[in-house]
1. Carbon-plus-sulfur fraction of the accessible area of the range 23-99, 1.4 Å probe, in percent?
2. So, by mean Cβ neighbours within 10 angstrom, what's the order for 138-148, 416-426 with the highest one leading?
3. Structure shown: which of Lys28/Lys209; Lys209/Lys329; Lys385/Lys424; Lys113/Lys329; Lys113/Lys424; Lys209/Lys335 lie over 22 Å apart, alpha-carbon to alpha-carbon?
4. Would you rank Arg116, Arg197, Arg361 by solvent-accessible area, highest first, keeping every protein chain in place and using a 1.4 Å probe?
5. Could you tell me what percent of the accessible area of the range 296-411 is made up of carbon and sulfur, with a 1.4 Å probe and every protein chain present?
6. What accessible area per residue, rounded to a whole number of Å², is obtained for the range 169-255 using a probe radius of 1.4 Å?
Amino acid sequence: MKIVIAALCLLTATNSAQGANSTPTIGKDFIFAYPNVYLDDINPGVLLLVVVSNNNNIFANINVTSTYPSFSTFQASVAPFNVIKIPITPVSIEAQYPGYNMTNNATIVVENKGIRVQADVAVAVYAHAEVISGYSADTFLVTPTMLLGTEYLAITSTFPLLPNMIVVVANQDNTQIIIGNQTATLNALQVASIALRATLSGTRISGNKPFAAVSGGTCSVTLISSDGCSYEAVMLEPVGTWGTQFVAIPFMYLDTNTNYYQIVTHFNNTVVSAGGTVVAHLNSGIYGEYREILLGSAVITSNNPIQVIQLGQNTNASHSNLGNPFFMKLPSTDKMSNTGVLFQPTGYLEYDGVHLLFFVRVITNLAGAGTIQMDGNTISALQFKRVPNSGFYFYEQITQNTTHSVTTTNPATQFFVFSYSYGKYNGCGFVCGYNSPSENILRTFPNFKDDTYIMVKAFRTPPALLPHSTRHL
């Protein structure tokens, strides 16, 4: 079977115009863990990759370690303006491997399965997990440890066919964490996770020291009909870094009224609008309120900070069943930068002989249209489309599985770059990078009443009641 590795993106470490007290999502120290993607013994296994992107003019020396007893430390040098893909083995390093054969009852499980990536120059890091047969995968940007926080809210599937998961990784010894109403004390690189075949969105995750949090599901479907389930995973944003304005653009080959977004808040009296129309009033005690909020490209706004994820899905037979569920983080517009991005959208394993398709999306402010270069050539302002009733523009095109650069020389230009890919019954996507502030603790807790989340369809279901117990493995 032909192997094609996950799409990836790179950030330059120089020539960036950053917001006040913001830092690009490149760094020298990263921690994360893989939520379980393993399905069953019928499938031929799982491909796990750490993708390290060096967009510097010097070599980057990389060291990958884990507390997992069967893991072997990996060291490598990455050439200037180059990428290295590091296979992570064994597959049992996934949290709660082999998935539904473990707890699946929302009891905290503590394991030595955290992964640390260190470099001697600033790099970008991405985590990729994929079933070898090529029909279930996702990729997420790993944020550096200097941008970790102490307060998160989970985002998971609302239609899990296999368990949803919340995975926490400690960066320091004696980190006391709370997931829902359960507690655990972790040492550095220990992982605490819960798994449940129910919606866990809105579950509060907190700790006494900064830690990493990843959530998603082993195999899930979306609100609309789908011919198969797929892995979903995203590295969560600390609550204190959330924003109030987001640009939402439909995925290619999907009807504009079938692009879904999950939105999470924990603030009382939160009003969410899309395209200038109020679509939700969120208050404490209201769980699982789903709305159909977008009929095309639009700006999502709120009066209180929120977290937004765009949900990939199958394009159905009209487009050869390309795509399937995946999570793609949408940073708030205050996190845009003019930092150059280098990416290589090579996709993942092909399934059933169907070739992969690769897409690039650039979202920019008014100054960006006509001032952004891709592969050294200026993208014409005429190729950008205006997001209705806003000062934002977007460019979205099929691209080739070769290395591309997106840059600007205009200091007033701010932009995001996203990469996503479709295979038959498969898809994954992620933001290439952004400027992120350190967690604002004072911003995290004012008006806090309860955990609330919405998605884009009328529906209600309360987050699972989590039991008070912890299992150590």
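The values are calculated or read from the model by the stated rules, or taken from the named source; none is laboratory data. Computed from a prediction, not measured in an experiment: that's the story for all the values here. Glycine also receives a Cβ, built like all others from the backbone with ideal geometry; neighbour counts cover every protein chain displayed. Keep in mind that these areas ignore ligands, DNA and RNA; they rest on the heavy atoms of the full protein, side chains included. Shrake-Rupley method; radii C 1.70, N 1.55, O 1.52, S 1.80 Å.
1. Values: 1560 of 2920 Å².
Exposed carbon and sulfur together represent 53 percent of the surface.
2. On the way: 138-148: 23.8, 416-426: 26.5.
By packing density, highest mean first, the sequence is 416-426, 138-148.
3. Values: Lys28/Lys209 19 Å; Lys209/Lys329 24 Å; Lys385/Lys424 28 Å; Lys113/Lys329 24 Å; Lys113/Lys424 31 Å; Lys209/Lys335 24 Å.
The answer is Lys209/Lys329; Lys385/Lys424; Lys113/Lys329; Lys113/Lys424; Lys209/Lys335.
4. Arg197, Arg116, Arg361
5. Details: 2040 of 4100 Å².
Here carbon and sulfur together make up 50 percent of the probe-accessible area.
6. Values: 2260 Å² over 87 residues.
About 26 Å² of surface per residue is accessible.
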